[in-house]
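Engineer: Before we start, here is the structure in question, set down as structure tokens.
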Amino acid sequence: MIPLEIKAVADQAPSVTTLFFDKEIGTIPGQFGMFWLPDVGQRPMSFSRSDAITVRVVGPFSRALASLEPGDVVSMEGPYGNGFTLSGGRVLLIGGGFGIAPLRFLAQRCHEMGARVTTMLGFRCQDDLFFEDEMSSYGDVWVATEDGSCGYAGLVSCLFDDVDKRAQVAAFRARAHGEQVPCREPERREHRAH
């Protein structure tokens, strides 16, 4: 087990917190670690940076992890997994909700390799938004919220049509239960990043 001291904590959105460690882990995007807290348990967590994880509070372990403060220590085994293979000059990253946490690390590495990064993020509402500003430093960011409170109104898959026109990405429509998921034809709203 590797002891990791918490160097800083940042609240990203309601119930979403990033824990920054006192050292680089030596991980690549897409890998994860098994994090352990005494008397609480152990859970796998993806890295959102080479020195950080982002936690969404959903139960006792994630609540205990998210409540750690600078100076506290968490133990980790790993990193595990093969991670993402990085290549190409253009990258399209698509994520929704808490699933964007590991994409932040991937966007950073792709940008460092000189790739042109376009990111499409989907959330239920504006209050759930996180990493948008940070990811905009790596390239274009498109946002969709289901309630239309920020970006486009609808699912993240609704962004494909507009992004396709600009980034020449193949159009796609999400399917749920074998049926076409309709994209509302939303009015375009002001993006916080673009």
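Quick note: the coordinates plus some simple rules give every number you see, no bench work behind them. Only a predicted model underlies this, so the values are computations on that prediction, with no experimental measurement involved. Cβ coordinates were reconstructed from backbone atoms using ideal geometry, including for glycine residues, and neighbour counts include every protein chain displayed.
Engineer: Please sort 2-14, 118-130 by packing, taking for each peptide the average over its residues of neighbouring beta carbons within 10 angstrom, highest first.
Structural biologist: Sorting 2-14, 118-130 by mean packing, highest first, produces 118-130, 2-14.
Engineer: Output the Kirkwood hydrodynamic radius of the stretch 44-95, Cα pairs only, in Å rounded to one decimal. Let's see the in-between values first.
Structural biologist: Numbers: mean 1/r = 0.0726 Å⁻¹.
13.8 Å is the Kirkwood radius here.
Engineer: Can I ask one more? Tell me, what HN-Hα J-couplings in whole Hz come from the Karplus equation 6.51 cos²θ - 1.76 cosθ + 1.60 at θ = phi - 60° for each residue of the stretch 106-113, using x for Gly and Pro?
Structural biologist: Along the stretch 106-113, the couplings run 5, 4, 4, 5, 4, 4, 4, 7 Hz.
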